[in-house]
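To keep things clear, I will list the structure first and then write my remarks on it.
The values are calculated or read from the model by the stated rules, or taken from the named source; none is laboratory data. No experiment lies behind these values; they were computed from the predicted model shown. Heads up, the Cβs are rebuilt from the backbone with ideal geometry, glycines too, and the neighbour counts pull from every protein chain shown. Remember, those area values only see protein heavy atoms, side chains included, never the ligands or the DNA or RNA. Shrake-Rupley method; radii C 1.70, N 1.55, O 1.52, S 1.80 Å.
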Amino acid sequence: MSELTTDREIDRSKMQISDEVAIEISKMNKWYGTFHVLRDIDLTVYRGERIVIAGPSGSGKSTLIRCINRLEEHQAGSIVVDGTELSSDLKNIDKIRSEVGMCFQHFNLFPHLTILENCTLAPIWVRKVPKKEAEATAMHFLEKVKIPDQAHKYPGMLSGGQQQRVAIARSLCMKPRIMLFDEPTSALDPEMIKEVLDTMIELAEEGMTMLCVTHEMGFARQVANRVIFMDQGQIVEQNEPEEFFNNPQSPRTKLFLSQILGH
Amino acid sequence: MSGVHAHTVAYVRDTMLDQKEPPSTSVGAIGWARQNLFSGWFNTILTIIVLGLVAFVLGNILPWIFSPTWNAASLSECREILAAAGSVSDHGTSGACWGVINERWVQLLFGFYPSHLYWRPILALVLLCVALAPILFASSVPAKLIYFSALYPFIFPWLLWGGTVWGPLAALAGVVIGYVVYSVLSERVNALLGLIVGVAAALIWWFVLSGYVVDGLSSILPIGLETVESRNFGGFMLSITIGVVAIACSLPLGIVLALGRQSDLMIVKYLCVGFIEFIRGVPLITLLFVASTLLNIFMPPGTNFDIILRVMIMATLFSSAYMAEVIRGGLAALPKGQYEGADSLGLDYWQAQRLVIMPQALKISIPGIVSTFIGMFKDTTLVSIIGLLDPLGLSNAIRADANWNGIVWELYGFIALLFFVICFAMSRYSMYLERRLRTDRR
Ligand SMILES: Nc1ncnc2c1ncn2[C@@H]1O[C@H](COP(=O)(O)OP(=O)(O)OP(=O)(O)O)[C@@H](O)[C@H]1O
Ligand SMILES: [Mg+2]
C-alpha cells in the first residue's frame, strides 16, 4: 500500500466542515436473507466532511454506502440524506440519487455512449437541462478531470484510470452535494491510482462531502478528517486519521492496520 | 559472467533498411490459395475432393437450369422441346420446364389481386422501404423521415385493402385523441391515470364511435380506393404482408414481455411467464387453426373478423414469445453494474431501460432477434395449410392444373429463391448493424 499519494501540498482553505448535517444514519440494520450484514449502524456526516471507511473484506463497507443511495434497501432504522428520509417512496429515492453521486470499483460507464453522452445523459433526462448547456457543463468537468480531448471516444477505448475519472466527471455533472466512492482505485494499476486519487483530492479541496471506501491509507491520512473502521457489519472504531493510525484502540483495528500497512 | 561482457561487441547501425515487398508466395492470389487451400497435405487433399464435388454437382445442375423451355405452354410442350434439343436421359427428358414460371410468376407474386391494381402493392412496398430507411439506416438518411415511418402503418392497409380514405384517417384520429387525453390528464392529475384513460379513450373511439363517423363522412365525401377482398390476397405479397406486420409488432411486444418477465410485480411477472411458456409450448400451426376456425365460435355471430388480420395477430403473438426470450438473454448478459450506474444517476425505471439497458440488451441480442425474424418470415408459408394462397398454396393450385401436372422442382426452386433473397438480406443487415454498433474498439 502506498503511504503517500501526492507530493504536492494540499490546499486546506476550503475544506471546512459545517454544522449542517448531510447524512444521518441511526440504528440502521440490514439483512441479506437471514445474514445480518449491517448491525445498528449510527453515523452522522456533516457537510464538508471527508470520511474514509476501511475494514476487512466482507465487513459490509460497500453495503453501507450503497444503502445511502438505496442501491440496497435497509430493513430497520433510518437514513436521512439532505433532510429527506429514505423510504420506499420512489420519488424520494430518485431525488436523493440525483443529489448523491457515486463512483464504483468497475466504473459502470455506459459502453454504448460516448464519454460526452455518458456525462450529459442524466442532466438532460433527470434535470431536464437543455442539451447545449449539459454539454458545456460536461466539458467543464471533463477538463477538470483532465480528459476533455477524449470526449467523443467510447469508454472501451480509454484506460482504466481515464474511465474512472470520466465516471467521477459523470457524477459531478449532476452537481451532487455528496459523493460516495466504493473502492474507486481497486481495479487500477499504480500509476492510474495516482491520477484518480489526485482527482479525488481536488474534489476534497473544493469542499465536497465525501464518503470513501478505500484501501489507500495514504489518501486517508492526507485527505480524510475521519476514518471509520468496520468489521462484521459494525462500526468498530472511528477517529481522526492521525489518532487512528498512530494510536488505534481496538485490537481488531490494530490487527487490520498491521496487516494492511505491513508493519 | 564477466566473460560474457567481454565478448559483447558494441554495435551501431549506420544505414537504415528500406521497406521491401513481401515474397510473392505470401501475397496476391497465389499467396491466398497457398495459405487457405493448400497449407499442408491434408488441406490439399480436402481442397481437391471438395472442388471435385462442386464440379460434379454443378455439372449436373447447370444443364438442367439452362434449358430452352421458357416459352413452353405446358409440361408436355417442355418435353417436346427438350427431346428435340437432344437432352434425353434414361428417365425421359432431363431439363427444367421454365414455362410454368413464365406463365405464373405474376400470380406467384400477387395471388389473385386484381391486375389493374398491381400498382398498389408495389407502391406499398416502395413506401415500406422509405419508411424503413430511417429505422434501418438512421445515420445516413434525414431524421425527419421518421414521421413518415410513423404514418406508414395507416397508409399500408389502406393501399392494400382499399376502401374509404376516412378509415385510416379515423384510425389516426384515435391515436391523436388518446395522446391528447393522456397529455392533459398526466399534467393535471398523474401519468398512470392519464395512460389508462388515454388508452381507453382511443379504444372507445376505434371500436364504438369511429364506425359512425367514417360512415357519415364517406357518404358525404366518398373519396377512396377500390376495395380488394382478403380472399384475393395471395402469393409473395401475402407472405410479405404477414411477415412484415408480425416482425414489426413482435419486437416491441417481445420487449414488453421480457421486461414483464423480470418485473418485481408478481402478477405482471406470472402473466408474462404464462403467456410466453404457453405460446412456446404450442405449434404455430395450432394457433393458425385456432385463428381460422375456433375464433369464429367465440365471436358474437355476424362479426366479420378478417382472416388475414387473425393470422397476423397469431403470427405476432407467436414470434413475440420467442422474441421475449431472446431479449431476456440479452438482458441477462448485461452486468449488474449497468443497472446500478443508471440508478445511481437518478434515472427512473423507464429512463434506465430506454437509455441504458435496452440499447445494450438489444445490441447483444441482434443475432437472435434476426434469427427469429427470419424464422417468422419462413413460417408464413404455414398459412397455406389453413387455405390462404401464399406461394406454397398457389404452387399446389398450379400443379393441379392439367398443363403443369407433374412439375415440382421449378416451382419450389423459384419460391425458395425469393425467400432466400429476403432472408439473406436480413442476415446481411444484421451483420452490418453489429459492425456499426461495435463501440469497444474502432
Ligand atoms: N447480494 C448479496 N446477497 C447475499 N449476501 C451478500 C450480497 N452482497 C454482499 N453480501 C455479503 O455481505 C457481506 C458484506 O458485503 P460487502 O460487499 O458490503 O463487503 P465489503 O466490506 O464491501 O467487502 P470488500 O472489501 O470485499 O468489497 C459479505 O459477507 C457478502 O458476502
Ligand atoms: Mg466492497
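In whole Hz, with x marking every Gly and Pro, tabulate ³J(HN,Hα) for the stretch B:46-56 from phi via Karplus 6.51 cos²θ - 1.76 cosθ + 1.60, θ = phi - 60°.
4, 4, 5, 4, 5, 4, x, 4, 4, 4, 4
Please get the size of the charge dipole for the protein assembly as shown, origin at its Cα centre, with Cβ charges of +1 on Lys and Arg and -1 on Asp and Glu, quoted in debye to the nearest 20.
Roughly 880 debye for the protein assembly as shown.
Using only Cα atoms, locate the centre of the stretch B:282-302 and the centre of the stretch B:322-350, then give the distance between them in Å, rounded to an integer.
37 Å
Per the Cauchy relation, a quarter of the hull surface: what is the mean projected area of the convex hull of the alpha carbons in the stretch B:165-225, in nm²?
4.0 nm²
Considering the convex hull of the alpha carbon atoms of chain B, report its projected area averaged over all viewing directions, in nm², one decimal.
Details: hull surface 159.4 nm².
Result: a mean projected hull area of 39.8 nm².
Which whole number gives the average count of other chain Cβ atoms within 10 Å of the Cβ atoms across peptide A:112-123? If you can, show how the numbers build up before the last one.
Details: counts 11, 5, 1, 0, 0, 1, 3, 0, 0, 7, 8, 2.
Counting Cβ atoms of other protein chains within 10 Å of each residue's Cβ and averaging gives 3.
Applying the Karplus parametrisation 6.51 cos²θ - 1.76 cosθ + 1.60 with θ = phi - 60° to the phi angles of the stretch B:359-365, what ³J(HN,Hα) value in whole Hz is obtained for each residue in order, glycine and proline being reported as x?
With coefficients 6.51, -1.76 and 1.60, one gets x, 6, 5, 5, 4, 5, 8 Hz.
Positive end of the dipole of the protein assembly as shown, charges at C-beta (+1 Lys, Arg; -1 Asp, Glu), about the Cα centre: which of A:T214, A:N69, B:W205 has its Cα farthest in that direction?
Of the listed residues, the answer is B:W205.
Put simply, what bits of the stretch B:408-442 lose 40 Å² or more of accessible area when the other protein chains are there, versus the chain on its own (1.4 Å probe)?
At a threshold of 40 Å² (probe 1.4 Å), the residues of the stretch B:408-442 that become less exposed are B:T439, B:R442.
Provide, for q = 0.09 Å⁻¹, the log10 of I(q)/I(0) from a solvent-free Debye sum over equal Cα point scatterers in chain A.
The Cα Debye sum returns log10 ratios of -0.40.
Here are some pairs, A:K14/A:K175; A:K27/A:K61; A:K131/A:K175; A:K95/A:K175; A:K95/B:K269; which of them have Cα atoms lying more than 21 Å apart in this structure?
A:K95/B:K269
Between B:D390 and residues 5 or more places away or on another chain, which pairs have amide H atoms under 5 Å apart, with H built 1.01 Å from N, and which residues are they?
Under 5 Å from the amide H of B:D390: B:G235, B:S384.
Taking amide H positions as placed in the peptide plane 1.01 Å from N, state which residues far from A:I53 in sequence (5 or more) or on other chains have amide H under 5 Å from it.
Hits under the 5 Å cutoff: A:C212, A:V213, A:T214, A:I228.
Binning every alpha carbon pair distance of the stretch A:111-263 at 10 Å from zero, what are the percents per bin?
Reading the bins upward from 0: 10, 35, 30, 17, 8, 0.
Kindly identify residues of the stretch B:330-365 having a loss of at least 40 Å² in accessible area between the isolated chain and the assembly of all protein chains, probe radius 1.4 Å.
The answer is B:Q338, B:E340, B:D343, B:S344, B:L345, B:G346, B:L347, B:Q351, B:L355, B:Q360 - residues whose exposure falls by at least 40 Å² when every protein chain is included.
For the stretch B:165-225, what % of the accessible area comes from carbon and sulfur atoms, probe 1.4 Å?
Its accessible area is 77 percent carbon and sulfur atoms.
Would you please name the trypsin sites (Lys or Arg not before Pro) within the stretch A:103-147 that are DSSP coil residues with at most 10 other C-beta atoms within 10 Å of their C-beta?
Taking the stretch A:103-147 and a limit of 10 other Cβ atoms within 10 Å, the loop trypsin sites (Lys or Arg not before Pro) found are A:K128.
Using the Cα atoms of the stretch B:339-432 to build a convex hull, what is its mean projected area in square nanometres?
Reported value for the Cα convex hull: 8.6 nm².
Under the classification rounded if a/c is under 1.5, otherwise prolate if a/b is larger than b/c and oblate if not, where does the stretch B:22-81 fall, given a ≥ b ≥ c as square roots of the Cα gyration tensor eigenvalues?
prolate
With +1 on each Lys and Arg Cβ and -1 on each Asp and Glu Cβ, how big is the dipole of the stretch A:76-160 about its Cα centre, in debye rounded to the nearest 20?
Its charge dipole is roughly 180 debye.
Within 10 Å of each Cβ of A:97-110, how many other protein chain Cβ atoms are there on average?
Numbers: counts 7, 4, 1, 2, 3, 5, 2, 4, 1, 5, 2, 12, 3, 10.
Across the residues of A:97-110, the mean count of other-chain Cβ atoms within 10 Å is 4.
Counting pairs of alpha carbon atoms under 8 Å apart in space and at least six apart in sequence, what relative contact order in percent does the stretch B:165-225 give?
Details: 51 pairs, mean separation 26.6, N = 61.
Computed over the stretch B:165-225, the figure is 44 percent.
Taking only protein heavy atoms into account and a 1.4 Å probe, give the accessible area per residue of the stretch B:132-172 in Å².
For the stretch B:132-172, the per-residue accessible area is 54 Å².
In debye, nearest 20, what is the charge dipole magnitude of chain B about its Cα centre with +1 on Lys and Arg Cβ and -1 on Asp and Glu Cβ, if you could check?
Dipole about the Cα centre, nearest 20: 880 debye.
Toward the positive end of the charge dipole of the stretch A:23-102, about the Cα centre and with charges on Cβ (Lys, Arg +1; Asp, Glu -1), which of A:G101, A:G55, A:S88 goes farthest?
A:G55
Of the chymotrypsin sites (Phe, Trp or Tyr not before Pro) in the stretch B:358-442, which ones lie in a loop per DSSP and count no more than 13 other C-beta atoms within 10 Å?
Sites meeting the loop and neighbour criteria: none at all.
Using Cα-Cα distances under 8 Å and only pairs 6 or more residues apart, what relative contact order does chain B have, in percent?
That works out to 15 percent.
Residue by residue through the stretch A:94-99, which ³J(HN,Hα) values in whole Hz follow from phi under the Karplus form 6.51 cos²θ - 1.76 cosθ + 1.60 (θ = phi - 60°), with glycine and proline marked x?
Taking θ as phi minus 60°, the curve returns 5, 5, 5, 4, 7, 8 Hz for the stretch A:94-99.
In terms of modelled amide H atoms, which long-range or inter-chain residues lie less than 5 Å from the amide H of A:H36?
Amide H neighbours of A:H36: none.
Consider just the alpha-carbon atoms of the protein assembly as shown and return their Rg together with their Dmax, both in angstrom.
34.9, 111
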